[in-house]
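The values are calculated or read from the model by the stated rules, or taken from the named source; none is laboratory data. Quick caveat: nothing in here was measured; it's all calculated off a predicted structure. Methodologically, a virtual Cβ is constructed for each residue, glycine included, from the backbone with ideal geometry; neighbour enumeration extends over all protein chains shown.
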Amino acid sequence: MHVSLNRPDARNALNTPVRQALAMAFRQAEADPGVRAVLVTGEGRHFCAGADIRELRARTMLEAGWAPERLDTMVETLSKPVVGALHGYVLGGGLELALAFTVRLASEDFRGGFPEVKLGIFPALGGTQRLPRLVGEGRALELMLRGRIVDAREALGIGLVTEVAPAGELRERGLALAQELAAGPPVAMRAIMECVRRAGDLGRADGLDYERRLFGIVCGTADKAEGVEAWLEKRPPRFSGR
């Protein structure tokens, strides 16, 4: 499935209609067994410049502190891999949303950061929780406290993104990666993502136990049998998701 932010006149800022449309798209992706991976892109010159400032200005303390459904959590816990193709400005809530993706690719014109502190607020779409796991606590604090913007090279160097592509090739590269992941064994890939997500919440012993239990489940799948047979027969596997 291809999901694209399509509000280019506002640099794809995340207002309520955009967030609602994204939530609907990800619910559809989760429910559709034919969807094996999701590619997320942005139309226009920028992936997403963050929250809609005009909407933010009108938000009350009660509205800001309560949300019936967290978009970032929905994306992070999707049972299918999510590939983000990030270009141009990827700021604030836009970059926080991207932190919930499984894999993040950036174009050479990528400029990303968390400038919320300059508005007297802070990253609250999961940024304070996910960024330290990716880049380390010290660097995460420096980026968020200063509101500093990083380019593609630095983003790659600190682990914020996994690959940098020429601007004209980013979407093609993102699509190729999404297709590669979609061809993989869904049950095993879901187990990998779940184990990695739980690693930050479980102690080492509990995490290893959880990994072993999921491994036992995966070893009972048709995909495991197909993968082993395909390797022995020296042919590409055909994974069914069972």
Those residues of the range 176-199 which are aliphatic (A, V, I, L, M), surrounded by fewer than 17 Cβ atoms within 10 Å (Cβ to Cβ) and either touching a residue at least 40 places away in the same chain (Cβ under 8 Å) or touching a Gly at 6+ places or on another chain (Cβ under 8 Å) (or both), in sequence order: ALA183, ALA199
Selection status of ASP223, more than 23 Å from the chain's Cα centre (by Cα) and surrounded by 15 or more Cβ atoms within 10 Å (Cβ to Cβ): yes
Failed item, numbered, when LEU202 is tested on (1) within 30 Å of PRO115 (Cβ to Cβ); (2) surrounded by fewer than 16 Cβ atoms within 10 Å (Cβ to Cβ): (1)
Matching helices (runs of 4 or more DSSP H) fully within the range 45-164 where at least 3 residues are buried (at least 22 other Cβ atoms within 10 Å of the Cβ) and modelled with pLDDT of 95 or more: 93-99
